[in-house]
Amino acid sequence: MARSTHSRSSDSPRDAIALLKQDHKMVSALFEEFAKADEEEQSAIAQRVCQLLTVHATIEEELLYPTAKQAFEDDENEDLVNEAEVEHGSAKELIAKIEGMASDDSHFKATVTVLGEYIKHHVKEEENELFPQLRKTELDLKDLGARLADRKFALMEQMGIEEQEAPQRKRTAARGASRSKSNNRRSGSRARH
Ligand SMILES: [Fe+2]
Ligand SMILES: [Fe+2]
């Protein structure tokens, strides 16, 4: 696929770890937003989180984890990847549960919150253990980053997911003046991005 897809986002070209960390940051911000949102907004935020996590998990499973296993020369680091793969399995079960749940289900908020806690734990392990070990290998992280970005945008297109910031803008625009305080806070977080 042509590299032209990269121009649609600030994601690339960059190394694999920077790209994945940016995904982590975005998902973590959405979980925080979910916790503060009203019921009406929560459904859209949860759907967005599930979609982004599905894309992120897929590119890690298809490209990062197999490449990491090949690059690692010892069992201990391979175990880190195996644990990550098992954690993805559990996260995907929660995602499927949320996607099949009505937003007025009494367990909807709790299930999204549990997913958020689970992802937080998983991200911590990737960023504090797996990624530093990857940096020590001979792996070409720029090349892997380009492949991750290509796959990410192909999946986003396939799933009909818009540019990353678009839904937040739409929600903000739809809000009334009475919510201006929280709008400002969220605008501020977007500006930093
Ligand atoms: Fe992961
Ligand atoms: Fe990740």
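Peptides 121-130, 16-25, 144-153 ranked from most to least packed by the mean count of surrounding Cβ atoms within 10 Å: 144-153, 16-25, 121-130.
Each residue of segment 84-90 was assigned a 3J(HN,Hα) from its phi angle through the Karplus curve 6.51 cos²θ - 1.76 cosθ + 1.60 (θ = phi - 60°); the sequence is 4, 5, 5, 4, 4, x, 5 Hz, with glycine and proline shown as x.
Using alpha-carbon positions, what is the distance between the centroids of segment 41-81 and segment 94-140, in Å? A separation of 9 Å, based on Cα centres. With an a/c value of 1.5 or above and a/b larger than b/c for the gyration tensor axes a ≥ b ≥ c computed over the alpha-carbon atoms, segment 23-68 is described as prolate.
On a straight-distance basis, which lysines could pair with K142 in a cross-link, Cα separation under 17 angstrom, same-chain partners fewer than 8 positions away excluded? Excluding near neighbours in sequence, the set is K21, K152.
Anisotropy class assigned to segment 80-124 is oblate, per the alpha carbon gyration tensor with a/c at or over the 1.5 cut-off and a/b no larger than b/c. Pairs of Cα atoms nearer than 8 Å and 6+ residues apart set the relative contact order; for segment 14-161 it is 43 percent.
With the largest listed first and rounded to whole Å, the semi-axes of the equivalent ellipsoid of segment 36-138 from the Cα gyration tensor are 31, 12, 11. Subtracting the Cα-Cα distance of K25 and S90 from 0.36 nm times their residue separation leaves 21.4 nm of extension gain.
Here, each number is a calculation from the coordinates, and none is a lab measurement. Because the structure is predicted, anything quoted here is derived from the model rather than measured. In this analysis, Cβ positions are derived from the backbone assuming ideal geometry, glycine residues included, and neighbour counts consider all displayed protein chains.
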